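Note sheet for the following structure.
Read-outs: derived from the displayed coordinates by stated rules, not from any lab. Because the structure is predicted, anything quoted here is derived from the model rather than measured. Glycine gets a Cβ as well: all are built from the backbone with ideal geometry, and neighbour counts include every protein chain shown.
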Amino acid sequence: MSDLPKTALVTGGSRGIGKACALRLAADGFQVYLTYVSRPEEAEATVAAIEAAGGKARAFRLDQGDREAIAAFFAGHIKDQVHLAALVNNAGMTRDGLLIRMKDEDWDAVLGVNLSGAFACLREAAKIMSRQRAGRIVNMASVVGQSGNAGQANYVASKAGLIGLTKTAALELASRGVTVNAVAPGFIATDMTAVLPEKITEAMLERIPLKRLGTPEDIAGVVSFLVSDAAAYVTGQCLSVTGGMYM
């Protein structure tokens, strides 16, 4: 396995938190594979930034809601092609709305990407890492998966489920040398939060003891730790990165 490049796979790695994770892991010495589902120009820009800094990266279009496509991707691009040292399960989506008005398709779409898609990636990675008897898996949860949040029943359920999946996978994979952890970001400055009304942002800031929004780089730093040798004895945990905010 040592003759294959040590690779970190970051799903949804073209922008926001995923992009920050891809850049940080490349700086840490990983070859980075990142996936995207839209905006290929952003994915290629992330690859270009990594390569300009002296790293190696590739971008792949992958629909996180298509479990058959995920299995095919791992078979065609990961298994026996690279040393899969780390998986960052970051791809996600939202379709917010009050639960009594939520459409079935909105529930299914969010659970399909955020939970079922993450499960499919984790399962494929676990097969490979178990044979290697080594690997790091980090699932991107959310503070609302621990607290709940009105208007996000589907998103919250997916993130709470991801935390439970993390704990179970950690128990199952520990004997194979594979750690599985989750990160629960709080209010992070990304494209998704930039469109929120100023009053909502101000109200959130009042509830954050550190009195600032988190940055994607704040999350990437924690992911970097969890996939490093320094976190060899950390598994089954959900690390909150919230600036002290609790919903």
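Taking a straight line from the alpha carbon of Lys211, these aspartates and glutamates sit under 20 Å away, with near neighbours fewer than eight places off in the same chain left out: Asp191, Glu198, Glu202. Over the Cα atoms of region 103-142, what is the Rg over Rh ratio if Rh follows Kirkwood? Rg/Rh for region 103-142 comes to 1.14. With respect to the chain, whose longest principal axis is taken over its alpha-carbon atoms, helix 40-52 is tilted by about 60°. Here is the list for region 125-174: trypsin sites (Lys or Arg not before Pro) lying in DSSP coil, each with at most 15 other C-beta atoms within 10 angstrom of its C-beta, are Arg133. What does the C-alpha gyration tensor say about the overall shape of region 88-230? Classify as rounded when a/c is under 1.5, otherwise prolate if a/b is larger than b/c, or oblate. Oblate shape, in that a/c is at least 1.5 and b/c is the bigger or equal ratio. As I understand it, the value is the acute angle between the Cα axis of helix 16-27 and the longest principal axis of the Cα atoms of the chain; what does it come to in degrees, rounded to 10? The answer is roughly 30 degrees. Cross-link partners for Lys103 among the lysines, with Cα-Cα distance under 26 Å and sequence neighbours closer than 8 places in the same chain left out: Lys159. Determine the distance separating the Cα centre of region 1-60 from the Cα centre of region 71-97; give it in Å without decimals. For region 1-60 versus region 71-97, the Cα centre distance is 12 Å.
Projecting the alpha carbon convex hull of the chain along each direction and taking the average yields 13.0 nm². When the chain is modelled as a GNM with alpha-carbon springs shorter than 10 Å, which of Leu205, Leu98, Leu122 fluctuates the most? Highest fluctuation among the options: Leu98. For region 96-101, putting each phi into the Karplus relation 6.51 cos²θ - 1.76 cosθ + 1.60 with θ = phi - 60° gives couplings of 6, x, 5, 4, 6, 10 Hz, in residue order, rounded to whole numbers and with x for Gly and Pro.
Shape of region 45-101 from its Cα gyration tensor (a ≥ b ≥ c, root eigenvalues): rounded if a/c is under 1.5, otherwise prolate when a/b > b/c, or oblate? Verdict is oblate for region 45-101. Normalising the average separation of contacting C-alpha pairs (under 8 angstrom, six or more residues apart) by the number of residues puts the relative contact order of the chain at 20 percent. Relative to the dominant Cα principal axis of the chain, helix 216-226 is inclined by about 40°. Annotation: lysines with alpha-carbon distance below 17 angstrom to Lys6 (same-chain offsets under eight excluded): Lys56, Lys79, Lys127.
Amide H contacts for Gln152 (H built 1.01 Å from N in the peptide plane; partners 5 or more residues away or on another chain; cut-off under 5 Å): Gly97.
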